[in-house]
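Presented below is the structure to which this report refers.
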Amino acid sequence: MSLHRSYRLLAPVYDLAVRRASRAARAASLARLPAHAGARVLVAGIGTGLDVPHLPPGNDYVGIDLTAAMLARVPRGERLALVRGDALRLPFADRAFDFVVLHLIVAVVPEPARCLAETARVLRPGGRAFVLDKFLRPGERAPLRRALNALSRHVATRLDVVFEDALAAAPLLAVESDLPVLAGGWFRSIALVRRAPATSSSSTRR
Ligand SMILES: C[S@@+](CC[C@H](N)C(=O)[O-])C[C@H]1O[C@@H](n2cnc3c(N)ncnc32)[C@H](O)[C@@H]1O
């Protein structure tokens, strides 16, 4: 089954399964967004919109998701535009956003590295991304999660993603903070900042 088809089936029960357990972590993650700043904020894999009640007012938000049935449940807001599309091929210009919210999406998509590379592309230098998801640590064996991953990657989420490996594909993103938030640190709240690319003079300087 494709992720798109399984999220179409999961849409009616998603909030029941996820809202309560994730509320505090997602609220803390989104409290880092400014209010009334006119910031351009992308919410990638917005799902049913569980982030929406925690989004500070006074910014311009774009939510993107692959699954129409999930998008149909997002609470509508005046400064929230919804787009059906792929977080691995974002239909936005380079540097189009000040912030990207990546809650429960980096470890869901089949190519986490590509998701982070696309995030780096659409963030302006100095912009930030807020990741909330489940990740293995480098070298962590986690045999049960790796075994379950064979099925779960097709129906809901990958369980084998090492964040540090995915981040290596996005050298313009630097970790600003990395906090364990749920399930004994399996879920982490990670803030990333988009560096400016090195200029040719600084990259050749010794
Ligand atoms: C676990 S849900 C997370 C939803 C929301 N971000 C949250 O925190 O509750 C994963 C979402 O990612 C969406 N999704 C999966 N693959 C995607 C892709 N390649 N591009 C955009 N959205 C995708 C699914 O449709 C689903 O809505």
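Worth a mention:
- For region 26-34, the condition holds for at least one residue, the condition being that it is within 22 Å of Leu116 (Cα to Cα), of a type in the set (A, V, I, L, M) and surrounded by fewer than 12 Cβ atoms within 10 Å (Cβ to Cβ).
Matching residues to (1) touching a helix residue (DSSP H, G or I) at 6+ places or on another chain (Cβ under 7 Å); (2) more than 19 Å from Gly127 (Cα to Cα):
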{"position": "Leu30", "(1), (2)": "yes, no"}
{"position": "Pro34", "(1), (2)": "no, no"}
{"position": "Ala39", "(1), (2)": "no, no"}
{"position": "Leu42", "(1), (2)": "yes, no"}
{"position": "Leu50", "(1), (2)": "yes, yes"}
{"position": "Gly58", "(1), (2)": "no, no"}
{"position": "Val62", "(1), (2)": "no, no"}
{"position": "Leu66", "(1), (2)": "yes, yes"}
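- Filter pass, Arg79 being under 24 Å from Arg194 (Cβ atoms), surrounded by 13 or more Cβ atoms within 10 Å (Cβ to Cβ), modelled with pLDDT of 95 or more and touching a helix residue (DSSP H, G or I) at 6+ places or on another chain (Cβ under 9 Å): no
- Where helices (runs of 4 or more DSSP H) fall entirely within region 101-206, those with at least 3 residues that are without any contact (Cβ under 8 Å) to a residue 12 or more places away in the chain are at 143-155, 200-204.
- Members of region 18-48 that are touching a strand residue (DSSP E or B) at 6+ places or on another chain (Cβ under 8 Å), within 12 Å of the ligand (Cβ to nearest atom) and not in a loop (DSSP other than H, G, I, E, B): Ala21, Ser22, Ala25, Arg26, Ser29, Leu30, Leu42, Val43, Ala44
- Filter pass, Thr157 being loosely packed, with under 13 Cβ neighbours inside 10 Å and of a type in the set (Val, Ile, Thr): no
- Members of region 54-76 found to be acidic (Asp, Glu) and within 8 Å of the ligand (Cβ to nearest atom), listed by number: Asp65
- Just one residue in the set Asp51, Asp15 is within 14 Å of the chain's Cα centre (by Cα) and within 11 Å of the ligand (Cβ to nearest atom); that residue is Asp51.
- Region 101-123, subset of a type in the set (A, V, I, L, M, F, W, C) and under 16 Å from Arg26 (Cα atoms), residue most open to solvent (accessible area, probe 1.4 Å): Leu104
- Applying the condition of being of a type in the set (A, V, I, L, M) and over 21 Å from Ala21 (Cα atoms) to region 124-147 and asking which residue is surrounded by the most Cβ atoms within 10 Å (Cβ to Cβ) yields Ala129.
The values are calculated or read from the model by the stated rules, or taken from the named source; none is laboratory data. Computed from a prediction, not measured in an experiment: that's the story for all the values here. Every residue, glycine among them, receives a Cβ derived from its backbone with ideal geometry; neighbour counts consider all protein chains shown. Surface areas here come from the heavy atoms of the whole protein model, side chains and all, with no ligands, DNA or RNA. Shrake-Rupley method; radii C 1.70, N 1.55, O 1.52, S 1.80 Å.
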